[in-house]
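Worksheet: one structure, shown below.
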Amino acid sequence: MSEEKSLNFLEEIIENDLAEGKNNGRVHTRFPPEPNGYLHIGHATSICLNFGLAKKYNGKCNLRFDDTNPVTEETEYVESIKEDIKWLGFQWDNEFYASDYFDKLFAFAVTLIKKGLAYVDDSTAEEIAATKGSTVTPGIESPYRNRSIEENLRLFEEMRAGKYKDGEKTLRARIDMTHPNLLMRDPLMYRIKNEHHHRTGDKWCIYPMYDFAHGQSDSIEEITHSICTLEFIHHRPLYNWFIEQLGIFPSHQYEFARRNLTYTVMSKRKLLQLVNENHVSGWNDPRMPTISGMRRRGYPAEALRQFSDTIGIAKRENIVDIGLLEFCVREHLNKTSNRVMVVLDPVKLVITNYPEAQEDIFEAENNPEDPNGGTRKVPFSRELWIEREDFMENPPKKFFRLGPGNLVRLKSAYIVKCEGCKKDEQGNVTEVHCSYIPESKSGHDTSGLNVKGTIHWVSVPHAKTAEVRMYDRLFKVEDPSNEEGNFKDYINPDSMHVLPAVYIEPELAKAIAGERVQFMRKGYFCVDTESTPDKLIFNRTVTLKDAWAKEQKKG
RNA sequence: AGUUCGAUGGUGUAACGGUAGCAUCACAGACUCUGACUCUGUUUGUCUAGGUUCGAAUCCUAGUCGAACUACCA
């Protein structure tokens with residue numbers, strides 16, 4: 001019996017609408033990005049919401065690019081957005097562009113002019129701002145507000161025909177300059193931009209403002225539930241006003257609070273800065289909170305969807321702990337990724353009683369969480385690489401790894417007993433010496449020994465190498481946008497640490513780009529897109545939880 | 001200051017007048033050929049003050065705190 005999961009507030013609205021027979025039981029949502037940047041994890045939430053709701057209620061979801069500003073928009077962004085949505089596991093029912101509606105929007109504008117509800121204004125941007133008023137003072141009506149319908153019609157046609165320069169004239173809605181909602185004080189509908197548009201080319205030199213395009217675009221597509229973030233709540237009365245005056249399909253807008261994440265920034269403006277100023281390698285840098293960055297980092301789409309589902313949706317301010325995202329990533333990766341042995345910070349282990357010419361080939365389980373995960377062959381010899389941190393000459397009480405006299409299991413191989421180490425003049429350990437117990441062979445252990453610690457290793461003569469990029473949080477503080485000064489002052493200088501040549505078990509050399517594995521006891525890693533068979537590159541997706549590190553911190 | 005929205009453990013989210021629940025985090029323990037995973041247990045919360053009611057996180061009033069709005073951006 002499955003637990004009845006409680007509905008979020010949008011699902012409640014939809015179920016009420018359905019119960020009342022609104023829109024003939026139709027549910028139609030849309031995801032409306034502006035193609036001026038790459039999608040980030042916040043968009044992922046919105047995508048999961050819009051596509052998820054459509055799916056849940058047997059409805060449809062459009063992808064619509066809100067491309068009303070030719071200056072900032074590019075085809076590159078359109079392509080990346082489509083790729084990200086598909087990768088997340090969603091397919092849109094229709095692909096539309098606000099620019100598809102430029103003719104209709106122009107006609108809407110003409111309709112409003114004819115109703116005396118829009119006028120051409122010759123005021124400059126500064127004049128319009130100055131007469132806007134404020135939250136406590138009313139605005140002042142433009143001297144051009146009462147032009148005749150005929151004159152407005154003529155001037156608007158002239159605007160379209162290219163008779164005027166950028167900024168010389170605008171088309172404004174004629175609403176109420178004393179309205180408490182600043183957006184209702186004769187908002188701009190059209191502005192002149194003699195710019196080439198990524199889709200309409202040079203057909204237009206006037207472009208509708210977002211506010212004059214968005215609501216009507218939803219209406220044209222007969223979107224039943226227009227879901228957006230909270231900051232558009234003040235725009236809703238304006239969208240409704242346009243829809244009512246035009247007498248077109250009444251889409252209804254609902255707002256939710258955007259999700260913020262700790263240790264990162266989410267605004268496109270800030271992300272663009274990180275890219276342009278080379279704080280990161282690009283929009284898909286694995287440290288970026290973009291969908292493409294997370295994909296490259298190795299975050300599975302399932303984890304992003306799970307995360308979106310877990311954090312839910314509401315209308316209150318929030319900042320979600322990035323640990324929650326990392327939990328979702330680990331949870332999925334734990335079930336799906338193969339285990340391999342990689343030594344990141346090596347020191348040599350010599351098994352003094354193991355013959356020099358000898359080697360063993362062990363059969364190691366790929367994934368203990370997956371019964372069908374299969375096995376792989378791992379070669380073993382007298383000399384192995386192990387992690388430097390897995391040996392201590394004077395270990396503390398709860399240290400379960402190698403120290404003089406200690407017994408430790410070499411994963412998938414033998415139990416060894418530590419006999420000491422070799423050091424250089426500076427006192428650095430150069431070799432750890434052990435003896436192995438032949439009866440303790442993995443899978444055929446008759447030694448009767450029970451050891452507390454297990455460590456990973458790579459056979460020295462068989463080892464291959466790879467570059468590993470150890471990623472950490474991009475920022476040092478939880479909420480960089482809310483700190484004193486510039487958010488860039490809080491960039492974590494150690495957000496990427498490159499290990500040029502770590503030792504990997506030979507089987508791993510076959511890994512291909514995008515492949516995700518668990519480096520045993522170290523974390524989840526993913527083969528980077530820049531990786532080649534000659535030069536393997538791994539990105540650290542996320543660490544494993546580390547109870548020992550925590551124990552040490554306690555001191 | 002005005003308008004609008006909001007306030008439940010550290011974080012996120014439920015409870016729709018009737019036992020404050022879930023996830024994560026933290027802590028303790030069990031298990032372990034990954035100090036992972038898994039399992040068990042524990043701590044921590046209704047912004048404040050009044051009111052209505054047998055009963056209030058929920059309804060009412062007042063206050064407090066937070067956010068958004070004053071781009072020819074979206």
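The values are calculated or read from the model by the stated rules, or taken from the named source; none is laboratory data. Computed from a prediction, not measured in an experiment: that's the story for all the values here. Ideal geometry is used to build each Cβ from the backbone, glycine not excepted, and the neighbour counts take in all protein chains shown.
Here's the yes/no breakdown for (1) crowded, with 19+ Cβ neighbours inside 10 Å; (2) part of a strand (DSSP E or B):
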residue: A:A466; (1), (2): yes, yes
residue: A:P493; (1), (2): no, no
residue: A:V502; (1), (2): yes, yes
residue: A:L508; (1), (2): yes, no
residue: A:A513; (1), (2): no, no
residue: A:S531; (1), (2): yes, no
residue: A:N539; (1), (2): yes, yes
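Going by the structure shown, is A:R521 assigned to a loop (DSSP other than H, G, I, E, B), within 16 Å of RNA strand B (Cβ to nearest atom), surrounded by 15 or more Cβ atoms within 10 Å (Cβ to Cβ) and more than 25 Å from the chain's Cα centre (by Cα)?
Yes, satisfied.
Based on what the data block shows, is A:M177 more than 10 Å from RNA strand B (Cβ to nearest atom) and within 15 Å of A:W241 (Cβ to Cβ)?
Yes; evaluated as a whole, the condition is true for this residue.
Do you know which residues across the range A:190-207 are more than 12 Å from RNA strand B (Cβ to nearest atom) and either without any contact (Cβ under 8 Å) to a residue 24 or more places away in the chain or not basic (K, R) (or both)?
A:H196, A:H198, A:T200, A:G201, A:D202, A:W204
So, of the residues in the range A:373-397 that are in contact with a Phe, Trp or Tyr (Cβ under 9 Å, 6 or more places away or on another chain) and basic (K, R), which turns out to be nearest to A:G427 (Cα to Cα)?
Top of the filtered list is A:R382.
Go over the candidates A:E151, A:E126 one by one and state the one that is surrounded by 13 or more Cβ atoms within 10 Å (Cβ to Cβ) and assigned by TED's automatic domain parsing to the domain that holds A:P208.
Residue meeting the stated conditions: A:E151.
Answer yes if at least one residue in the range A:381-390 is hydrophobic (A, V, I, L, M, F, W, C) and surrounded by fewer than 13 Cβ atoms within 10 Å (Cβ to Cβ), and no otherwise.
Scanning the range A:381-390 turns up no residue that is hydrophobic (A, V, I, L, M, F, W, C) and surrounded by fewer than 13 Cβ atoms within 10 Å (Cβ to Cβ).
If I filter the range A:442-456 down to residues being touching a residue at least 40 places away in the same chain (Cβ under 8 Å) and surrounded by 12 or more Cβ atoms within 10 Å (Cβ to Cβ), which single residue comes out as nearest to the chain's Cα centre (by Cα)?
Within the range A:442-456, the match that is nearest to the chain's Cα centre (by Cα) is A:H456.
Need the failing condition index for A:H332 against (1) in contact with a strand residue (DSSP E or B) (Cβ under 8 Å, 6 or more places away or on another chain); (2) not assigned by TED's automatic domain parsing to the domain that holds A:N406, just the number.
Of (1) in contact with a strand residue (DSSP E or B) (Cβ under 8 Å, 6 or more places away or on another chain); (2) not assigned by TED's automatic domain parsing to the domain that holds A:N406, only one is false for A:H332: (1).
Sort out for me the strands (runs of 3 or more DSSP E) sitting completely within the range A:193-290 that have 1 or more residues that are in contact with an Asp or Glu (Cβ under 6 Å, 6 or more places away or on another chain) and surrounded by 15 or more Cβ atoms within 10 Å (Cβ to Cβ).
A:225-229
Output the residues belonging to the range A:321-349 that are crowded, with 18+ Cβ neighbours inside 10 Å and part of a strand (DSSP E or B).
Scanning the range A:321-349 gives A:N338, A:R339, A:V340, A:V342, A:V343, A:P346, A:V347, A:L349.
Within the range A:56-68, does at least one residue satisfy the condition of being at positive phi, exposed (fewer than 15 other Cβ atoms within 10 Å of the Cβ) and not small (G, A, S)?
Looking for residues that are at positive phi, exposed (fewer than 15 other Cβ atoms within 10 Å of the Cβ) and not small (G, A, S), one finds at least one in the range A:56-68, hence yes.
Can you tell which of A:V408, A:V432 is crowded, with 19+ Cβ neighbours inside 10 Å, within 12 Å of RNA strand B (Cβ to nearest atom) and β-branched (V, I, T)?
None of the other options fit; the residue is A:V408.
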